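The values are calculated or read from the model by the stated rules, or taken from the named source; none is laboratory data. None of the values given here were measured: they were computed from a predicted structure. Here Cβ is always computed from backbone atoms with ideal geometry, including for glycine, and neighbour counts include all displayed protein chains. Just so you know, the surface numbers come from the protein's heavy atoms only, side chains and all, with ligands and any DNA or RNA stripped out. Shrake-Rupley method; radii C 1.70, N 1.55, O 1.52, S 1.80 Å.
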Amino acid sequence: MQNASWLFAGQGLSFVVQGFYFIVLARLLGTAQYGLLAGAAALVSIVSQYSALGSGMLFLRYVSADHSRFRMYWGNILISVFLLGTLLVVALRLSGRRLVGAATVPLLFPIAIGDCLFAQLSSCAGQVFLTFEKMKFSAALTLLSSVSRCILAIGMLVVLGRASAWQWAIGSLAVSSLSACVAFAIVTRFFGLPSFSPSLLIRHSAEGFVFAISGSTTAVYNDIDKVVLSHFGMNRANGIYSMAYRVVNIGTMPITSIVGAAFPRFFREGVKGIAALVPMARALLRRTAVLGIGVSLAMFLCAPLIPHLVGKSFMESVSALRLLCLIPFFRCFNLSAGDALAGAGHQKSRLVCQSIAAIGNLLLNLYLVPRYSWHGAAWASLATDGSLGLMNWLALIYLSKRSAPPLQTVA
């Protein structure tokens, strides 16, 4: 409970900081430039998961059981992030024109460096502290990134008044690099220097790839709508929709803090079999669903505040947020059952559900966005998050029943 409190407190502060930061950023960029930024950031987020090749999740899984493995698994995180991350940056720069609008392409290079390299390293550092159940440090790293970006946005607004998405991308890259250096220094201070074991990295590469695909499919069904909007040149619509979706993500933070604190326990208890995790998943769902309903209701009621906070150009974000407001509630189902599947070693089953959701979301967006603009993207997101929660729970119940020992009959 103390760990959840630390994560909740850290993410609660991040909630406040990010809320203020996105208000300032929206006023700094305006609808069209915000839409350009959202399209580039969405594409990068989909592929950036592969730069770590699941090494953060592998660290969480194997070092949770044996802390003496820290040095090798931390070293493998560094190898993965900087080797694969560099390759992904180059690939995005070369192929971006086919995927997003021409105006978005120049943003890909600085955003890709910041996300594929520095942000992934910071994220994995947070997983290190999560593994050792030092939640206050994991929360502090998250807060550091949010505060740094908030200071940057305020400074640019005061000095420039208005900025382009390119100017913001360069500033954000500087902040990401600084946060990653701080994260590396703190991990080294507490746990020591890394060691490198390429053979271990290769041995776990298949499992890590499954975790990477899982993270990527999550990014697909969260962000492919913004890429599709950018691809069709709907930058203003992308800004309207992305602002509402960002509010949804910020509102979901209290739920993810509770789920994140419980995640290592799913791995520890998973050795008992998947049936032992079903009661844990149900208990987690009961706690988060009540919160999810409250968050969804608050979003619906408070949506009219958006144009007063970020500017009248975002007036249509009120309708977008009201369409999207049920997503935090749907995610309670997705996360509780999905983490139970991963903890019991059924990550591939979770991946199947996520892949179906990602493909379905892409197809829905390709059909709906050209016809209905951001309205189509919103309906696709609702359908995707709702169906994913249902699929994960059906998979969890099915696998738990299949693994249960048969009832013994008395002769």
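At q = 0.16, 0.17, 0.20 Å⁻¹, what log₁₀ I(q)/I(0) does region 284-335 have when each alpha carbon counts as one equal point scatterer in the Debye sum?
-0.49, -0.53, -0.66
Under a cut-off of 28 Å between alpha-carbon atoms, report the lysines in cross-link reach of residue 312, not counting same-chain residues fewer than 8 places apart.
Hits, sequence-local ones excluded: 226.
For the chain, what does the accessible surface come to per residue with a 1.4 Å probe? Please give it in Å².
43
With the Cα gyration tensor of region 13-162 giving a ≥ b ≥ c as the square roots of its eigenvalues, does the rule (a/c under 1.5 for rounded; else a/b larger than b/c for prolate; else oblate) give rounded, prolate or oblate?
oblate
Å³ per residue of the Cα convex hull, for region 152-240?
Dividing the Cα hull volume of region 152-240 by its residue count gives 169 Å³.
Any chance you could list the semi-axes, whole Å, largest first, of the equivalent ellipsoid that the Cα gyration tensor gives for region 162-298, using √(5λ)?
Over the Cα atoms of region 162-298, the ellipsoid semi-axes are 31, 27, 18 Å.
For region 315-383, what class follows from the C-alpha gyration tensor (a ≥ b ≥ c being the square roots of its eigenvalues): rounded when a/c is under 1.5, otherwise prolate if a/b is larger than b/c, else oblate?
oblate
Looking at region 24-77, I'd like the Rg to Rh ratio, where Rg is from alpha-carbon atoms and Rh is Kirkwood's inverse mean 1/r.
That ratio is 1.30, to two decimals.
Any aspartates and glutamates with Cα under 15 Å of the residue 348 Cα? List them, leaving off those in the same chain fewer than 8 positions away.
Reachable aspartates and glutamates: 207, 339.
Average the reciprocal distances over every distinct pair of alpha-carbons in the chain, invert the result, and give the Kirkwood radius in Å.
21.6
How big is the accessible area of residue 305 in square angstrom, nearest 10, if you roll a 1.4 angstrom probe over the protein chains?
Rounded to the nearest 10, the figure is 90 Å².
Loop only per DSSP, at most 13 neighbouring Cβ atoms within 10 Å: give me the chymotrypsin sites (Phe, Trp or Tyr not before Pro) in region 113-190, ordered by residue number.
For chymotrypsin sites (Phe, Trp or Tyr not before Pro) across region 113-190 that sit outside H, G, I, E and B with at most 13 neighbouring Cβ atoms in 10 Å, the list is empty.
Let's test this: bin the Cα-Cα distances of region 75-166 at 10 Å from zero up to the farthest pair and state each bin's percent.
15, 32, 34, 18, 2
Along the charge dipole of region 63-161, which of 99, 141, 152 sits closest to the positive end, that is, farthest toward it, with unit charges on the beta carbon of Lys, Arg, Asp and Glu (+1, +1, -1, -1)?
Value computed over the given set: 99.
Quick check: at a probe of 1.4 Å, how many percent of the accessible area of the chain sits on carbon and sulfur atoms?
C and S atoms contribute 69 percent here.
If you build the convex hull over the alpha carbons only and average its shadow over all orientations, what do you get for region 271-411? Give it in nm² to one decimal.
Mean projected area of the Cα convex hull: 11.1 nm².
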